[in-house]
Amino acid sequence: MTYDETIDYLYRQTPEYQRIGDKAYKPGLDNSLALDKIVDHPHRRYKTIHVGGTNGKGSTSHLLAAILQESGYKVGLYTSPHLVDFRERIRVNGEMIGREFVVEFVEQYGKQFEPVMPSFFELTMEMAFLYFARQEVDVAVIEVGLGGRLDSTNIISPGLSVITNIGFDHIKLLGNTLPKIAAEKAGIIKAYTPVVIGEMGDTEITQVFIGKAQSMVAPIVFAERYMNNFTAERRESCWLFHADGYPGVKGGLNGPAQDKNARTVLTAVEVLLETGCNIPKEAVYKGFANVTAITGLTGRWQQLQTSPKIICDIAHNAHGIRYVAERLRSENFGRLHIVFGMANDKDVDTVLSLLPEDAAYYFAKASVERAMNEKALARQAETHGLKGNSFGSVAKAVSAAKENAGKNDLIFIGGSSFIVADALLHPSFSG
């Protein structure tokens, strides 16, 4: 098979949750354990760090990978979803997995995997685990796909678990209260393994984490309590973080909530140091400042153009959009234009209620099955005082926004990772 034929096979044989939603979700670890046995448990050949949470786990994973790489480790990084290229999910020292390995993996193991009937995520996760072993990485940072307790990645035995925060998302699958969602996320806490909690949440959520950690005899560290004298100052093009032992850390990720991610990562670094990792201070500074260049991270308050200024961000639920709306209010612009779309399984009304009314909206439908109809979204948005036009594709919406925007205006593109993915393929940005 060619590479393109192989990717087509993966999508056809193993439905992808990111594209079709709940129908592709297979809770439980049986499939993952079966696949892992076929390839002889590759994740046992290197150390791992497990990163879960509702929002910020992608940024946190990339920051930890960048810092570890700058410390001299060979680092695997497994994240999801991808935006443009499937290979974004699997990287070693920032380099995407080779096309030839993707083809060889499917050719060698496809027939053995088919009786298991794995999901797309289960299969690509196992591909990542084997690739990291073949590349002889020292450590791999593994991002949870969905939830935690029943997520495919939960077959690993990490040296550190990180849970960034808890918010409402995937309610049908994880529960309709924050404590229920926290219990699912807490499922990645392992026996005798330290866990860092980025944001404590309310008392009930905190108690969920404490109870799980105590039952597993796992040392638990709350970043909000642990990182003393932490402050964050947002500059025009970066964040500047200060904490005991880490004065003047420049954050290369300029998006909303990166202050919370930074505090989580700095705490995780301190815990890793306590477990014997060699992480020089210089590596922390370089990792934070150069994370996008080191790891290839995209889609986090990413500036695509300067005049007019165009920003995209993959925040896709109320917890994340709240920070985006706050950040938009702090920007300077003549007029605000928002290219917006959502997946059809999100809490649309809550998200729309957070968006600014004084903006021109371009409602769009992304090119995936899960995308919400743009006209239905526009009608629902109008009940929240948000007015604009609807477009059958992100490309058309982006083109209309660019045509209408003055050079001092701001265009924001978001609401879903699918919207951002389609936008990045727009001729204005992809060439």
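The values are calculated or read from the model by the stated rules, or taken from the named source; none is laboratory data. All figures in this text were calculated on a predicted structure; none of them were measured in a lab. A quick note on method: Cβ atoms are made from the backbone with ideal geometry, for glycine too, and the neighbour counts reach across all protein chains shown.
Data for the structure
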item	result
The stretch 339-358, residues that are buried (at least 20 other Cβ atoms within 10 Å of the Cβ) and touching a Leu at 6+ places or on another chain (Cβ under 7 Å)	Gly341, Met342, Leu352, Leu355
Given (1) closer than 21 Å to Thr295 by Cα; (2) crowded, with 24+ Cβ neighbours inside 10 Å; (3) out of contact with any Asp or Glu (no Cβ under 6 Å at 6 or more places or on another chain), index of the condition Ile166 fails	(1)
Those helices (runs of 4 or more DSSP H) lying entirely in the stretch 155-219 with at least 1 residues under 26 Å from Leu272 (Cα atoms) and in the same structural domain as Ile142 (by TED's automatic domain parsing)	178-185, 203-215
Index of the failed condition, Ile20 passing every other in (1) assigned to a helix (DSSP H, G or I); (2) farther than 18 Å from Leu130 by Cβ; (3) modelled with pLDDT of 85 or more	(3)
Checklist (1) surrounded by fewer than 17 Cβ atoms within 10 Å (Cβ to Cβ); (2) at pLDDT 95 or above applied to Asp202, failing item	(2)
Filter result for Ala315 (touching a residue at least 40 places away in the same chain (Cβ under 8 Å) and part of a helix (DSSP H, G or I))	no
Residues (at pLDDT 95 or above and hydroxyl-bearing (Ser, Thr, Tyr)) located in the stretch 60-83	Thr60, Ser61, Ser71, Tyr73, Tyr78, Thr79
Residue match in the stretch 377-394 (condition: surrounded by fewer than 19 Cβ atoms within 10 Å (Cβ to Cβ), under 30 Å from Thr79 (Cα atoms) and not assigned by TED's automatic domain parsing to the domain that holds Glu236)	yes
Total residues in the stretch 54-108, condition charged (D, E, K, R), part of a strand (DSSP E or B) and buried (at least 21 other Cβ atoms within 10 Å of the Cβ)	1
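Here is a yes/no grid of residues against (1) polar (S, T, N, Q); (2) crowded, with 18+ Cβ neighbours inside 10 Å:
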{"site": "Ile210", "(1), (2)": "no, no"}
{"site": "Val217", "(1), (2)": "no, no"}
{"site": "Arg235", "(1), (2)": "no, no"}
{"site": "His242", "(1), (2)": "no, no"}
{"site": "Lys260", "(1), (2)": "no, yes"}
{"site": "Thr264", "(1), (2)": "yes, yes"}
{"site": "Leu272", "(1), (2)": "no, yes"}
{"site": "Lys281", "(1), (2)": "no, no"}
{"site": "Ile294", "(1), (2)": "no, yes"}
